[in-house]
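The values are calculated or read from the model by the stated rules, or taken from the named source; none is laboratory data. What you are looking at is a predicted structure, and each value in this text was computed from that prediction instead of being measured. Using ideal geometry, Cβ is built from the backbone for each residue, glycine included, and neighbour counts are taken over all protein chains shown. Only protein heavy atoms, including side chains, enter the accessible area calculation; ligands, DNA and RNA are left aside. Shrake-Rupley method; radii C 1.70, N 1.55, O 1.52, S 1.80 Å.
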Amino acid sequence: MAIEITSESLAGAQPEPTAGYKESPLVTVSDFPGSSQRISRSRFRLTNSTWTRRNFSSRARELSGGDAIILSIPKSGRTWLRAFLCAYFCRRFGLEFTLRLGRYALPGLPRIVFSHDLFEHRTKGDRWDRVRGKYLVPRRELKRAKIILLARDPRDCFVSLYLQLTRRDPNAPVKLKQKTVSEMLRDQRFGMGAIINAMNDWLNEFSQRDNFTLVRYEALRASPAEHFRDLLAVLGESQPDGTIFQDALEFSRFENMQKLEAAGAFDSKILHPGDVRDPESFKVRRGKIGGYREYLSAEDQKYAADELMKLDPRFGYNS
């Protein structure tokens, strides 16, 4: 199959909660190659700790009950993937389109939980939020549900996240908004290092499980029909309806989603531009592979490339 899978199926969607960034101290993949890179033991302390996988907040409920859980760094293409899945399953079950698929409870309709999990745990909220594990998917859910890790080149993720925080997110602290792209690239909480640490930690935690799937954004962009068909098979739709499938592909095209976002056609704050006059403030911005080169200086690109060498080679971005 085109998608790299370490498992079987997927499922229903949660509304995207709005939360501010607060100031605080700091499938079965048959050919999934083993890593020759030594991974820091400190990461194992974080991901294997029973404490870090407990969520005592009221938000635990929103992160529970999924047939599948999609984890990703922000700006990894999750909204595009989500729009396709919602378009397909809403049409398939004769439902009005929504990005909040979880509002429908129908037999056979997969329930998908979307989360930035560890990354949000380390960047959003305050110390009390982290003590409660507010942004973490509960350990019992990760053991029970299928896990999909959506990966994207950390350099492209970073640039999109930088633009999100400085041009789109009204909750981002003023101090953060005033950072240059070069300063943010080296930031302990939001820079390249933080993105790479979260990706490595997820892979360390889940790659040996039978219910784990790794999906690369770049593969989806290169051949969306082939890879989305494989993704539906992971979700239990091994023979998707051809007409519905094509309609969902067309609906989720970047150009169409940008048009709909500008018109305010979506029923969720997930897809609303910060400023309709500023293309860089759109949730669906460009999705360009390698676009980071247009925003990073030669010196910053060298720094990012050096940081990328710390990423687990199984992701395939540092070869």
Inside the range 144-162, the number of residues satisfying the requirement of being surrounded by fewer than 22 Cβ atoms within 10 Å (Cβ to Cβ) and either modelled with pLDDT under 90 or of a type in the set (Asp, Glu) (or both) is 0
Scan the range 173-194 residue by residue and report those that are part of a helix (DSSP H, G or I) and basic (Lys, Arg).
Lys175, Lys177
Neighbours by Cβ (under 9 Å, 6+ apart or cross-chain): first from the range 229-256, within 13 Å of Arg92 (Cα to Cα) and of a type in the set (Phe, Trp, Tyr); second assigned to a helix (DSSP H, G or I) and modelled with pLDDT of 90 or more:
Phe245/Tyr88; Phe245/Ala225; Phe245/Phe228; Phe245/Arg229; Phe245/Leu232
Which condition number in (1) open to solvent by less than 50 Å² (accessible area, probe 1.4 Å); (2) modelled with pLDDT under 95; (3) of a type in the set (Ser, Thr, Tyr) is the one that Thr50 fails?
(1)
Being among the basic types (Lys, Arg), in contact with a strand residue (DSSP E or B) (Cβ under 9 Å, 6 or more places away or on another chain) and either open to solvent by 60 Å² or more (accessible area, probe 1.4 Å) or outside any loop (DSSP other than H, G, I, E, B) (or both) is the requirement here; does Arg91 meet it?
no
Considering the range 108-143, residues that are β-branched (Val, Ile, Thr) and farther than 14 Å from Trp202 by Cβ, and then whichever is surrounded by the most Cβ atoms within 10 Å (Cβ to Cβ), we arrive at Ile112
Residue set Leu71, Leu85; condition buried (at least 23 other Cβ atoms within 10 Å of the Cβ), touching a Phe, Trp or Tyr at 6+ places or on another chain (Cβ under 8 Å) and among the hydrophobic types (A, V, I, L, M, F, W, C); output residue Leu71
Please state which one of Arg139, Arg209 is farther than 23 Å from Ala83 by Cβ, touching a strand residue (DSSP E or B) at 6+ places or on another chain (Cβ under 9 Å) and charged (D, E, K, R).
Arg209
Does Met199 qualify as being surrounded by 21 or more Cβ atoms within 10 Å (Cβ to Cβ) and farther than 24 Å from Arg82 by Cβ?
no
Residues of the range 61-72 satisfying the condition of being of a type outside the set (S, T, N, Q) and within 18 Å of the chain's Cα centre (by Cα):
Glu62, Leu63, Gly66, Asp67, Ala68, Ile69, Ile70, Leu71
Failed item in (1) at pLDDT 50 or above; (2) under 30 Å from Pro240 (Cβ atoms); (3) assigned to a loop (DSSP other than H, G, I, E, B), with Ala13 passing the rest:
(1)
Would you pick out the residues in the range 217-259 that are acidic (Asp, Glu) and either part of a helix (DSSP H, G or I) or open to solvent by 40 Å² or more (accessible area, probe 1.4 Å) (or both)?
Glu218, Glu226, Asp230, Asp241, Asp247, Glu250, Glu255
